[in-house]
Amino acid sequence: MITETQAQDVIGSTAYGSDGQKIGKVGQLFLDDQTGRPEFVTVHTGLFGLKETFVPVAQAELSGSELRLPYTKDMIKDAPHVDLDGSHLDQAEEDRLYSHYGMGSAGVAGSYGEAGSSYDTGTSSGTSSGTSSGKHAARSTTSDTSTDSSTDSSTHTTSASSTAPAGHDTSGPDTDSAMTRSEEHLDVGTSNKESGRARLRKYVTTETETVTVPVTKERAVIESEPVSADNADQALDGPDISDEEHEVVLFEEHVVVETTAEPVERVRLGKEKVTEEETVTGDVRKEHIEAEGDVDDRRS
C-alpha cells in the first residue's frame, strides 16, 4: 500500500506488473479527496511512452524507485482510455477503471503532479466552508492557499505530462523519436587446424611359395646284344673264362632353393585437397518493434 509520505517518491518511479514485466514510468498520482490516500497513478505505455494508462494503487508497493502493481502488463495495457477534464476524473470514467480492474467504485479523484511542481488550492470563506466530495489532490513541495467567496474548493496541478515533450524514452535517456531495430546474423568462416598425420612404413612378411621343378636322375639298365662281326673283337678281348665286375656311376639332379630380391614397385606419400559441404546451425537474436495504443503503423 502506498502511503501519503511516499507520494513524492511515486512520481517518476518505474512501474512493474504482477508478472514481473516492466510497464513504464509513472507520470501522475491521484489522491482521495477525503482521506488523502493515493488511489490512481498514470503509467506511460505504448510506443515511446506516448500513452498514459490509469492504474489503481490501493494494493501497490513502492520499493526504492520501483512501483510494484498487482496487475499484469496485459491488463494494464488494455485499461480504458481516459480523457481528463481539467485535473479530475469524472465518476463514469472512474467507475470504468474500477470495473476493468475488478474493484468497487469510489469517489472523484484529483491529480498530483511531478515531484517539486506546485499548484494552488482554493478554500471557501464566508457563512460556510465547502469541500468537494470524493478525492482531492495531494500537496506537492510548494502550495499556496487562496480565499474565494464561492462555496466550492478547487485544485490545480502541474502534471508530469503537461511540460513533457511529445514523446520520451521510458527505458533510458531521451534520444530522438525513432528506434533502431537490429538483427544478428551468422558470420561463418573457416580456419585451418591439424586433423591428423599420415606416414609410410615398410615391413617384411614371410609367405610360402610352391614351385614345381623337373629333376633328372640316372638309373642302371641291363641290355644284351648278340656277338657279331661288328663287336667280335670286343667280345673276344680277355680271357676265355674268368670272374669280372663292371660298375657304372649313376647321377641325379637335386633341387637347390635360393631367393633373390628384385624391385617390383615404388610407393610415394602425397597430399590432395578434397572439398566437402558442412551445414552449421546457430541461434541469432532479432529485435521487433510493436506499436501500442492509437498508432497508425505504416511500415510495409
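The values are calculated or read from the model by the stated rules, or taken from the named source; none is laboratory data. All figures in this text were calculated on a predicted structure; none of them were measured in a lab. Cβ atoms come from the backbone with ideal geometry, glycine included; neighbour counts cover every protein chain shown.
Of all the strands (runs of 3 or more DSSP E) wholly in the range 1-103, which have at least 3 residues that are closer than 17 Å to GLY293 by Cβ and of a type in the set (Ser, Thr, Tyr)?
Hits in the range 1-103: none.
Is it the case that ILE289 is out of contact with any His (no Cβ under 9 Å at 6 or more places or on another chain), surrounded by 10 or more Cβ atoms within 10 Å (Cβ to Cβ) and either among the β-branched types (Val, Ile, Thr) or modelled with pLDDT of 90 or more (or both)?
Spelling it out, ILE289 is indeed out of contact with any His (no Cβ under 9 Å at 6 or more places or on another chain), surrounded by 10 or more Cβ atoms within 10 Å (Cβ to Cβ) and either among the β-branched types (Val, Ile, Thr) or modelled with pLDDT of 90 or more (or both).
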### Message
Condition first: closer than 15 Å to GLU39 by Cβ and of a type in the set (Gly, Ala, Ser). Now tell me which residues in the range 53-98 satisfy that.
### Response
ALA58, ALA60, ALA79, SER87
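Rundown of residues vs (1) loosely packed, with under 14 Cβ neighbours inside 10 Å; (2) free of Cβ contacts under 8 Å to residues at least 12 places away in the same chain; (3) of a type in the set (Ser, Thr, Tyr), yes/no style:
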| site | (1), (2), (3) |
| --- | --- |
| ALA7 | no, no, no |
| SER13 | no, no, yes |
| GLY17 | no, no, no |
| LYS22 | yes, no, no |
| LYS73 | no, no, no |
| ASP83 | yes, yes, no |
| SER99 | yes, yes, yes |
### Summary
Over the range 199-233, the set of residues in contact with a strand residue (DSSP E or B) (Cβ under 9 Å, 6 or more places away or on another chain) and either β-branched (Val, Ile, Thr) or without any contact (Cβ under 8 Å) to a residue 12 or more places away in the chain (or both) is VAL215, THR216
### Query
From the residues in the range 283-300 that are without any contact (Cβ under 8 Å) to a residue 24 or more places away in the chain and over 24 Å from ALA79 (Cα atoms), which one is farthest from the chain's Cα centre (by Cα)?
ARG298
### Message
Report every pair of residues separated by at least 6 positions or lying on different chains whose Cβ atoms are under 8 Å apart, first residue within the range 234-261 and farther than 21 Å from GLU223 by Cβ and modelled with pLDDT of 85 or more, second loosely packed, with under 10 Cβ neighbours inside 10 Å and among the acidic types (Asp, Glu).
### Response
none
